[in-house]
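Input: a single structure, listed below in structure tokens.
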Amino acid sequence: MKKIAEHVAIIMDGNGRWAKKRNMPRSYGHKVGSENVISIVKYADKIGIKYLTLYAFSTENRKRSKKEIDYIMMLLVKFIDEKIDELFSENVKLRILGDISVLPQKTMEKVIYAVNKTEKNNGLILNIALNYGGRDEIVRSIKKIISSGYSADEITEKLISDNLYTKDIPDPDLLIRPGGEKRISNFLIYQSAYSELYFSDVLWPDFDTFEFSRALDEYSRRKRRFGGIDE
Ligand code: FPP
């Protein structure tokens, strides 16, 4: 049987370039990119992926213009308004990775609503990384550990892991980056230590279920050794 990744993480990159190629504003790329999300989620669910983590907005993306940020925040609200019932009926459980307390009030409230609504679902776990940064996440983990009173001797890899946003979630097996860049951009840097990486030149709005299945096929052929050697 084909090896299926339990946890797949995706950096949804290339929206701006996709729009530019069509002489359209960057916002159009984000709009079409956001429309791509639901089919990728449903496909992941259909083929048995248990956890899907999407990088929607990084801590560094806050350097972008207010106009662009506001637009992405609006798209998130729209996505939840339009798709939450569908996600709910597919038994998807939504989780957020990142600090949403600094997001616009409307986006924050909508996100909390969606998380609460799907809380009892037990199907695919859809993590949306929102105002997320891997380094920031590690710093927060260490702060939590220190404020809980742990001593230096008690610090373990697991303790750090257990204090990340992804606590209870296995590390990603496969990290996919469409959009042509070959870097992980502060995404799940602690958790992706042994993730398989897959890069594609296809820009996110064009990264359809066919491209997704190509990435999953390649993953199924990879040999993972986690630092060990083949049997
Ligand atoms: C990266 O492309 C994309 C983003 C920073 C935003 C991603 C957001 C969405 C797809 C919409 C909302 C998400 C959900 C889950 C509904 P880029 O702008 O960096 O593209 P570029 O590298 O071509 O400039």
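Could you check residue 64 against (1) modelled with pLDDT of 95 or more; (2) within 9 Å of the ligand (Cβ to nearest atom) and say which number it fails?
Condition not satisfied by residue 64: (1).
Which of the residues spanning the stretch 124-160 are surrounded by fewer than 17 Cβ atoms within 10 Å (Cβ to Cβ), of a type in the set (Gly, Ala, Ser) and either within 18 Å of the chain's Cα centre (by Cα) or in a helix (DSSP H, G or I) (or both)?
147, 152
Of the conditions (1) within 11 Å of the ligand (Cβ to nearest atom); (2) more than 23 Å from residue 176 (Cα to Cα), residue 54 satisfies every one except a single condition; which number is it?
Answer for residue 54: the failing condition is (2).
Which of the residues spanning the stretch 9-35 are within 7 Å of the ligand (Cβ to nearest atom) and either touching a strand residue (DSSP E or B) at 6+ places or on another chain (Cβ under 6 Å) or within 18 Å of residue 128 (Cα to Cα) (or both)?
12, 13, 14, 15, 30, 33, 34
Of these, 201, 173, which one is acidic (Asp, Glu) and open to solvent by 50 Å² or more (accessible area, probe 1.4 Å)? It would help to see each step written out before you state the result.
Values: 173 fails: open to solvent by 50 Å² or more (accessible area, probe 1.4 Å).
Residue meeting the stated conditions: 201.
So in the stretch 185-198, with the set limited to residues that are open to solvent by 50 Å² or more (accessible area, probe 1.4 Å) and hydrophobic (A, V, I, L, M, F, W, C), which one is farthest from the chain's Cα centre (by Cα)?
Kept after step one, since they are open to solvent by 50 Å² or more (accessible area, probe 1.4 Å), are these residues of the stretch 185-198: 189-190, 193-194, 197.
Subset that is hydrophobic (A, V, I, L, M, F, W, C): 189, 193, 197.
Numbers: 189: 12, 193: 16, 197: 14 Å.
Only one residue fits best here, namely 193.
The values are calculated or read from the model by the stated rules, or taken from the named source; none is laboratory data. Everything numeric here is computed off the predicted structure, so don't read it as measured data. FYI the Cβ positions are ideal-geometry reconstructions off the backbone, even for glycines, and counts take in every protein chain you see. Quick note on the areas: whole protein, heavy atoms, side chains included, nothing else; ligands and nucleic acids left out. Shrake-Rupley method; radii C 1.70, N 1.55, O 1.52, S 1.80 Å.
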